[in-house]
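Scroll down for the structure; my scribbles are underneath it.
The values are calculated or read from the model by the stated rules, or taken from the named source; none is laboratory data. From a predicted model like this one, the values you see are computed outputs, not experimental measurements. All Cβ positions, glycine included, derive from the backbone under ideal geometry; neighbour counts span all protein chains shown. Just the protein is used for accessible areas: all its heavy atoms, side chains included, with ligands, DNA and RNA removed. Shrake-Rupley method; radii C 1.70, N 1.55, O 1.52, S 1.80 Å.
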Amino acid sequence: MNSIYGVVTRELVGELEAIVGKANLLTDLERMENYSHDETSKEEYAHSPEVVITPTSADQIAAVMKLATRERIPVTPRGAGSGLSGGAIPLFGGIVLSVEKMNKVLEIDEANLTVTAEAGIVTNELNEQLKSRGLFFAGYPMSLETCFLGGNIAENAGGGKAVKYGVTGRYILGMEVVTPQGDIVELGGKVTKDVSGYDLKQLYIGSEGTLGIITKATIKLLGVPKVASNLLVPFATAQQAIAVVPLIMKQGIIPTSIEFMDRSSIEMSCSYLNESLPLEGVGAMLLIEIDGTDEQTVERELIQVGDLCSGQGAMEVYIAEDATTRERIWSVRRNIAEAIKVYSPVQSLEDVVVPIASIPLVLPRLQELKEKYQVRIPCYGHAGDGNLHATIVKDPGMSLADWKELEPKLLTELYAFITGELGGKISGEHGIGLKRKGFLKALIPDAEYRLFKALKTAFDPLYIMNPGKILD
């Protein structure tokens, strides 16, 4: 496919500089290195762009896209680079377009419970600005301290609170998008109901930058819960812990979070943080959060869930009521991925999702794959919505060649089991990107894949918008 694209010439760099300004353009290889990869393995996926631009307005982006269309130059949109599917990697070189300098909150509309912000704002920064008004954006992911709003929308990111609050897409009322042809389009608005034609904004949510560039968004806000508390529940085996999850969901209580961590994940994260949790005889833990408007309701639901866990073989039920204790245990959960990366930078952080009732069936299959391929597969994730991060880890002593032979074989078996036998999907929140596109094509019906291709061709006939992602 690379032969169909134009080359970024010195003259083209000059035109780009005229659009975005010298301070917003990079061509130095060393400085561009950071834009050659995301949080997937650099050894496997990194690819250098020919030029990096950091525009400051939708008008600049529109002018860049018109230039890219004229010369058929591939453009890779980029947020914080915290993605886990290779979605922001410039596979065919060309232009990396980072929205990092478009990072302002444009309006907080308390009357309509909305906020409008640019795509480059850090998600946590957005919530910090809302906190003083008693409001928050509920659809944020676990990486809220680093990820950008635009990336959250492009991946339809989820996170630890998705059991109760849902994922990013639930909260996007409107957005501004620049098309591959350089048109600036306003989609949606502040209304909560809208069937005025096709819901185009939903096509951009989760599209991974393959249909256009999201430049700003209008988000529905919620009031910050007045009370929150957590249970940390250890079990002797991972299977016992995971089997409790569907039972909790049947109680008529909607927890904010039900996070699963196997022993290997906990040990790695505790070591990374120099932290400690009670692990004697523990095979896995559930981290359960319940929030609400009054203490009595939260306490009653905590007791009900705790009693259920005890009745299903929990070794103990620890209550973390104060903010310091809650942050300690949540920090262990949030840092698992980083801890595993320290152990081995080369890994395959998976993102499978299954129907809730099928969650207990996943772990025995993972154990079989561990034994068959003789690799570590620490497992953790958002068990309350069936989304588990089974992470296949390259042992430091294994050669990269052996790893590249092992990884696709293991993933083929895992994905076939998840999608074929359990009715699940290969990605719940990280996306397809570069990493999973071959598996997607093999695992979905041909008719569905043709619809994907038809949509891509209609929006981006020249295939310049983040090419090589999702589709071949």
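Going through segment 210-248 one residue at a time, which ones are outside any loop (DSSP other than H, G, I, E, B) and either touching a Lys or Arg at 6+ places or on another chain (Cβ under 6 Å) or not hydrophobic (A, V, I, L, M, F, W, C) (or both)?
Thr215, Lys216, Thr218, Lys220, Gly223, Ser229, Asn230, Pro234, Gln239, Gln240, Pro246
May I ask you to say which residue of Ala390, Ala454, Ala458 is in contact with a strand residue (DSSP E or B) (Cβ under 7 Å, 6 or more places away or on another chain) and either loosely packed, with under 14 Cβ neighbours inside 10 Å or under 22 Å from Gly206 (Cβ atoms) (or both)?
Ala390
Looking only at segment 362-369, decide whether some residue is at negative phi, without any contact (Cβ under 8 Å) to a residue 12 or more places away in the chain, assigned to a helix (DSSP H, G or I) and open to solvent by 30 Å² or more (accessible area, probe 1.4 Å). Even if it seems obvious, please write down each step before you answer.
Going through segment 362-369, the residues at negative phi turn out to be 362-369.
Retained after the next criterion (residues that are without any contact (Cβ under 8 Å) to a residue 12 or more places away in the chain): 367-368.
Going one step further and asking which of them are assigned to a helix (DSSP H, G or I), we end up with 367-368.
From the residues that got through so far, the ones that are open to solvent by 30 Å² or more (accessible area, probe 1.4 Å) too are 367-368.
Taking every residue of segment 362-369 in turn, at least one turns out to be at negative phi, without any contact (Cβ under 8 Å) to a residue 12 or more places away in the chain, assigned to a helix (DSSP H, G or I) and open to solvent by 30 Å² or more (accessible area, probe 1.4 Å).
Please go through segment 370-387 and pick out each residue that is modelled with pLDDT of 95 or more, among the hydrophobic types (A, V, I, L, M, F, W, C) and open to solvent by less than 10 Å² (accessible area, probe 1.4 Å).
Across segment 370-387, the qualifying residues are Ile377, Cys379.
So, Glu429, is that one open to solvent by less than 60 Å² (accessible area, probe 1.4 Å), under 18 Å from Ser265 (Cβ atoms) and touching a strand residue (DSSP E or B) at 6+ places or on another chain (Cβ under 8 Å) or not?
Yes: the conditions hold for Glu429.
Give the number of residues within segment 170-191 that are open to solvent by 30 Å² or more (accessible area, probe 1.4 Å) and of a type in the set (A, V, I, L, M).
Residues that pass the stated criteria total 3.
Filter the helices (runs of 4 or more DSSP H) completely within segment 119-203 down to those with at least 3 residues that are among the hydrophobic types (A, V, I, L, M, F, W, C) and touching a His at 6+ places or on another chain (Cβ under 8 Å).
Qualifying helices (runs of 4 or more DSSP H): none found.
Tell me yes or no: at least one residue of segment 105-113 is open to solvent by 40 Å² or more (accessible area, probe 1.4 Å), in contact with a Lys or Arg (Cβ under 6 Å, 6 or more places away or on another chain), of a type outside the set (Asp, Glu) and assigned to a loop (DSSP other than H, G, I, E, B).
Yes.
Given the criteria closer than 23 Å to Ser36 by Cα, surrounded by fewer than 22 Cβ atoms within 10 Å (Cβ to Cβ) and among the aliphatic types (A, V, I, L, M), does Ala357 qualify?
When the stated conditions are applied, Ala357 does not pass them.
Residues are listed down the side, and each one gets a yes or a no for (1) under 30 Å from Asp395 (Cα atoms); (2) more than 24 Å from the chain's Cα centre (by Cα); (3) surrounded by fewer than 21 Cβ atoms within 10 Å (Cβ to Cβ):
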| residue | (1), (2), (3) |
| --- | --- |
| Gln60 | no, yes, no |
| Met65 | no, yes, no |
| Pro77 | no, no, no |
| Gly83 | yes, no, no |
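If you scan segment 114-148, which residues turn out to be open to solvent by 50 Å² or more (accessible area, probe 1.4 Å) and without any contact (Cβ under 8 Å) to a residue 40 or more places away in the chain?
Glu125, Glu128, Gln129, Ser132, Arg133, Glu145
Taking Val167 as meeting all but one of (1) open to solvent by 10 Å² or more (accessible area, probe 1.4 Å); (2) without any contact (Cβ under 8 Å) to a residue 60 or more places away in the chain; (3) closer than 23 Å to Asp109 by Cβ, write down the number of the exception.
(2)
Looking only at segment 276-304, how many residues end up being outside any loop (DSSP other than H, G, I, E, B) and within 25 Å of Pro364 (Cβ to Cβ)?
First, pick out the residues of segment 276-304 that are outside any loop (DSSP other than H, G, I, E, B): 284-292, 295-304.
Remaining after also requiring within 25 Å of Pro364 (Cβ to Cβ): 284-288.
So the answer is 5.
Would you mind stating whether His37 is touching a residue at least 24 places away in the same chain (Cβ under 8 Å), within 24 Å of Ile470 (Cα to Cα) and open to solvent by 50 Å² or more (accessible area, probe 1.4 Å)?
no
What pairs can you find where one residue is in segment 410-425 and polar (S, T, N, Q), the other is part of a loop (DSSP other than H, G, I, E, B) and buried (at least 18 other Cβ atoms within 10 Å of the Cβ), and their Cβ atoms are less than 9 Å apart, with a gap of 6+ or different chains?
From residues that are polar (S, T, N, Q), the pairs are Thr419/Ile426.
Please tell me if Gly79 is modelled with pLDDT of 95 or more and either within 30 Å of Met142 (Cβ to Cβ) or aromatic (Phe, Trp, Tyr) (or both).
Details: modelled with pLDDT of 95 or more: yes; either within 30 Å of Met142 (Cβ to Cβ) or aromatic (Phe, Trp, Tyr) (or both): yes.
Yes: the conditions hold for Gly79.
What pairs come up if the first residue lies in segment 249-275 and is part of a helix (DSSP H, G or I), the second is open to solvent by less than 60 Å² (accessible area, probe 1.4 Å) and acidic (Asp, Glu), and their beta carbons are under 8 Å apart, counting only those six or more places apart or on different chains?
Ser269/Glu275
For segment 82-101, how many residues are modelled with pLDDT under 95 and either on the phi > 0 side of the Ramachandran plot or touching a strand residue (DSSP E or B) at 6+ places or on another chain (Cβ under 7 Å) (or both)?
Here the count works out to 1.
Please verify whether segment 393-410 includes one or more residues that are within 23 Å of Ala241 (Cβ to Cβ), within 20 Å of the chain's Cα centre (by Cα) and either crowded, with 19+ Cβ neighbours inside 10 Å or not β-branched (Val, Ile, Thr) (or both).
Yes, segment 393-410 contains at least one residue that is within 23 Å of Ala241 (Cβ to Cβ), within 20 Å of the chain's Cα centre (by Cα) and either crowded, with 19+ Cβ neighbours inside 10 Å or not β-branched (Val, Ile, Thr) (or both).
Here are some residues: Ile213, Ile242. Which one is under 23 Å from the mean Cα position of the chain (by Cα), hydrophobic (A, V, I, L, M, F, W, C) and within 30 Å of Leu363 (Cα to Cα)?
Going through Ile213, Ile242 in turn, just one is under 23 Å from the mean Cα position of the chain (by Cα), hydrophobic (A, V, I, L, M, F, W, C) and within 30 Å of Leu363 (Cα to Cα): Ile242.
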